[in-house]
Amino acid sequence: MLKNPAEKYRPYPPIHLPDRRWPNQVLRHAPIWCSVDLRDGNQALAVPMNVAQKLELFQSLVNCGFKEIEVGFPSASNTEFAFNRRLIEENRIPDDVTIQVLVQAREDLIERTVQSLVGAKSVIIHLYNSTSPAQRRVVFGKTQDEIKAIAVQGARWIHERLPRLKGTRVRLQYSPESFSATEVEFAKEISEAVMDVWQPTAENKMILNLPDTVEVAMPNVYADQIEWISRNIRNREALVISLHTHNDRGTGVAATELGLLAGADRVEGTLFGNGERTGNLDLVTVALNLYMHGLDPQLDFTDLNAVREVYERCTGMTVPPRQPYAGELVFTAFSGSHQDAIKKGLAEWAKARQPHWDVPYLTIDPSDIGREYHEVIRVNGQSGKGGVAFLLEREFGIELPKDLQREFGPIANDLVDALGREVKAEELRTMFWREYIERTQPWELHHFHADGVERLFECRASLRRDGREVAVTGRGNGPIAAFVDALVSAGAPPFSVAYYKEHALSAGTEASAIAYIQIKTTDGHTKWGAGVDTNIELASMKAVLSALNRL
Ligand code: KIV
Ligand code: ZN
């Protein structure tokens, strides 16, 4: 890299818009969405989709609720043309869905494009030509006027052919491609020239798509460009202003959101941001960003995993694990403090203590988009007691008391750290069992019986201590106290029970109970124990011995 990048690169000049209004705006409703997966997304694939794959993805887009779908570039290949024909001839386009097709300003291509649309109910013909200084200079070697003439001629060729699409509702769209790198004054001039040909009205609007073909500046600059056009273009009310951002600087979503604040009506993009280079705008993210602020996005991602599956199968692309909303890891927390906060937040939400979703670290409820709480917490060496306790409770119904979580958390953490990988809930259970339930040395219970009334109990127990049989008896104000008395009489260090909790573990014939006991020795040491048995009394006695064995 250069020591002084200014020798090679220059800043993007700001747009003169001192009274810009977009920073004070608030989004209050969803834009019109247009998916360009089957065109822009498809163009970016090493192996473009075949007709069957395009049909499957088209259906999935319809199911998500897209009402405008750019289905291809029908003049570009036989596959693209055939796809259009299949959609139309097999009646695959719902009445409320409009297909859009892209075409350059060339008469033969426009002719073929129009042919591909015959018989459709509702279409958008999308004309584009590139307008930025670099494109004018390098690609076309043409002046602004000559570039404008290309657009005007293309618009005329389309206009002349409209009578051929009798019975079809036709709307027209123009994109000054590379708009964000084009002088705003020229973008306005060329767009108005196209409007002069198409003569849009407030009742029959034309779509003016303003692409951030390559992100060349910060998103606020794009917003300024959109607001500048929106305020300065002639006959604004006859236009639907549309955004089409790419993600070269990683801010496609931000540019779109600011562009909407700046007055745009419509957004083009793709599922999960597939598209040339760093991709198109990810529509899922923008839609769900609206959703998380309580706005109806007018798109349905209730089963986002299913959408993702179709997308991956059809495009051969994979959704990265950190992709907002859809990535495998986005509802997962590994760090202990995050896990703890999520666990508490979910518990609070389950008790309906908050009117609105406000769970730490989770911007939306994963279950709203078909993701599960199941995915929220996973445990590795970075995790803390919260994650461990959450998994044990969710998977096995083991409700560790808070203080026991504090004791077992670091024990589990050391074991997981030594493994150097993520562990499954089953492995955590095994660790818990080894540490507490299977602690039978030096004391092991064989038989226990207690009798009593009111607060006077007597017990008899047979135990194994260091491999030798021992029979003990004791008294206390309950079976546990009587057992403690028996153990201390038999030579265990004096101790008392500081905490006790039990609950059922599972239902049915296998029904068993788990007891947790914290003991405290006379010198102030505390230890936890746990016991499991089909008989709750025996589970408690086992828990006492587990704690004693761990002293
Ligand atoms: O990125 C772009 O500019 C495009 C146009 C054809 C709209 O895809
Ligand atoms: Zn594009």
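The values are calculated or read from the model by the stated rules, or taken from the named source; none is laboratory data. None of these values were measured; they are calculated from a predicted model. Positions of Cβ are generated from backbone atoms using ideal geometry, with glycine treated the same way; all protein chains shown enter the neighbour counts. Side chains are part of the model used for accessible areas, which takes the heavy atoms of the whole protein and leaves out ligands, DNA and RNA. Shrake-Rupley method; radii C 1.70, N 1.55, O 1.52, S 1.80 Å.
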Distance from the stretch 150-169 to the stretch 120-149 (C-alpha centre basis), Å: 16 Å
Percent of Cα-Cα distances greater than 15 Å, calculated over the stretch 336-435: 61 percent
Of Lys343/Lys385; Lys67/Lys148; Lys344/Lys402; Lys424/Lys501; Lys8/Lys142, pairs whose Cα-Cα distance is over 21 Å: Lys67/Lys148; Lys424/Lys501; Lys8/Lys142
Estimated FRET transfer efficiency (Ala347, Arg468; beta-carbon r; R0 41 Å; 0.05): 0.30
Mean Cβ neighbour count within 10 Å, used as a protection proxy, ranking 114-123, 458-467 highest first: 114-123, 458-467
Accessible area in the full protein assembly, largest first, 1.4 Å probe, for Leu27, Leu2: Leu2, Leu27
Total charge dipole magnitude, the stretch 1-125, about the Cα centre, Cβ charges on Lys, Arg, Asp, Glu only, Debye to nearest 20: 540 debye
Spin-label proximity, Asp403 to the stretch 508-550 - amide N less than 15 Å from point 7 Å beyond Cα toward beta carbon: 516-530, 544, 547-548
Asp196-Asn78 pseudo-label distance in nm [points 7 Å out on the Cα-to-Cβ vector]: 4.2 nm
Spin-label model distance (nm) - Tyr12 vs Thr143, 7 Å beyond Cα toward Cβ: 2.9 nm
Cα gyration tensor category, rounded, prolate or oblate, for the stretch 443-550 with a/c compared to 1.5: rounded
P(r), alpha carbons of the stretch 258-351 - 5 Å bins starting at zero, rounded %: 3, 10, 17, 21, 17, 14, 10, 6, 1, 0
Within-9-Å neighbourhood charge of His126 [Cβ basis; K, R +1; D, E -1]: 0
Unit charges at the beta carbon, dipole of the chain: most positive-side option, Cys459, Trp228, Pro11: Pro11
Highest-first arrangement of 314-321, 266-273, 140-147, where packing means the average Cβ count within 10 Å: 266-273, 314-321, 140-147
The stretch 336-435 - charge dipole about Cα centre, Lys and Arg +1 at Cβ, Asp and Glu -1, debye rounded to 20: 100 debye
FRET efficiency estimate (nearest 0.05) - Cβ-Cβ, Glu56 to Arg106, R0 35 angstrom: 0.70
Euclidean distance of C-alpha centroids, the stretch 327-360 and the stretch 200-222, integer Å: 38 Å
Ser512 paired with Glu395, simple spin-label distance in nm, labels 7 Å along Cα-to-beta-carbon: 1.6 nm
The stretch 478-538: projected area of the alpha-carbon convex hull, averaged over directions, in nm²: 4.4 nm²
Dipole of the chain, positive end: most advanced residue of Met431, Gly370, Gly259 [Cβ charges, Cα centre]: Gly259
Leu45-Ala504 FRET efficiency (beta carbon distance; Förster radius 51 Å; 0.05 resolution): 0.40
Protein-only accessible surface order, largest first, of His293, His338 at 1.4 Å: His293, His338
Highest to lowest packing among 473-480, 353-360, scored as the average C-beta count within 10 Å: 473-480, 353-360
Solvent-accessible ranking of Glu7, Glu469, largest area first, probe 1.4 Å: Glu7, Glu469
Under the Karplus curve 6.51 cos²θ - 1.76 cosθ + 1.60, θ = phi - 60°, whole-Hz ³J(HN,Hα) for the stretch 458-473, x wherever Gly or Pro sits: 10, 9, 10, 9, 10, 10, 10, 10, 6, x, 9, 6, 9, 9, 10, 9
Centroid-to-centroid separation of the stretch 1-70 and the stretch 391-458 [C-alpha atoms, Å]: 53 Å
Value in Å of the Kirkwood radius, where the stretch 226-293 supplies the Cα pairs that are averaged: 12.4 Å
Descending semi-axes in whole angstrom, ellipsoid equivalent of the chain, from the Cα gyration tensor: 70, 24, 19
